[in-house]
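Presented below is the structure to which this report refers.
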Amino acid sequence: RKEVEQDPGPFNVPEGATVAFNCTYSNSASQSFFWYRQDCRKEPKLLMSVYSSGNEDGRFTAQLNRASQYISLLIRDSKLSDSATYLCVVNRGGNTPLVFGKGTRLSVIA
Amino acid sequence: DGGITQSPKYLFRKEGQNVTLSCEQNLNHDAMYWYRQDPGQGLRLIYYSQIVNDFQKGDIAEGYSVSREKKESFPLTVTSAQKNPTAFYLCASSPLRDRGNIQYFGAGTRLSVL
């Protein structure tokens, strides 16, 4: 089983739609969880950290389920500018480097 | 401006040649990392360093070497032993004391083989 698994997509959605991405991780020692966004041919940028209680930042909501070892990202009212690849990221516990999923590609269509 | 600077943006390597990718940060971050990304693939960890004069192998260290002589700098050498070096190379840094070790990335170097 891969350390971090994501549906590669692509997800093609119309503007204004709500879209959800899920991600599973295999290492129960993982303590830090993030969603990064990567635009085509650019570096990844932090979108949001994911906390056990769930957290929201504008149109974006992230949830963590430790028992089932999955993380989700919900995007409401999709904009054309949301088109990108979304990377699910976890660590291996402690001060270890982050492990990146292969990403889920989102295309928001006018 | 604070940030992570990678150079060059594009690099071409001839057969049998070693090339060095530069990564400099002025964020006063303790840890630095090198990742490789192939088309349609995720990031794979090559090497990382959490303190000056010390570094650890990542998942795909063969054919690469690094040094960490200064906190600000973490150059990566792609040696001739790396038979398939064409990829997008990303350098990152993180403040280890920060919650969750958030990593911040440079703009990357695209390496191609001539």
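What follows is calculated from the coordinates using simple rules that are stated; it is not laboratory data. Predicted model, so just to flag it, every value in this text is computed and none were measured. Note that we place each Cβ from the backbone using ideal geometry, even for glycine, and neighbour counts take in every protein chain shown.
Some points to look at:
- Radius of gyration and maximum dimension Dmax of chain A, Cα, Å: 13.4, 43
- Mean Cα-pair separation over length for the stretch A:1-53, i.e. relative contact order, pairs under 8 Å, 6 or more apart, %: 29 percent
- Across chain A, C-alpha contacts under 8 Å between residues 6 or more apart give a mean separation that, scaled by the residue count, equals a relative contact order of 37 percent.
- Normalised by 2.2 N^0.38 Å, with N the number of residues, the alpha-carbon radius of gyration of the stretch B:25-88 equals 1.13.
- Available extension along the chain between A:LYS42 and A:ARG92 is 15.5 nm, counting 0.36 nm per residue and deducting the alpha carbon span.
- When the Cα convex hull of chain B is projected onto planes of every orientation, the mean area is 7.0 nm².
- Surface/4 estimate of mean projected area, convex hull on alpha-carbon atoms of the protein assembly as shown, nm²: 12.8 nm²
- Neighbour-limited loop hits for GluC sites (Glu not before Pro), the stretch B:44-114 (at most 14 other Cβ within 10 Å; DSSP other than H, G, I, E, B): B:GLU62, B:GLU69
- In chain A, the sites counted are trypsin sites (Lys or Arg not before Pro) in DSSP loop states with at most 16 other Cβ atoms within 10 Å, and the longest stretch holding none of them, exclusive of the sites, is A:3-40.
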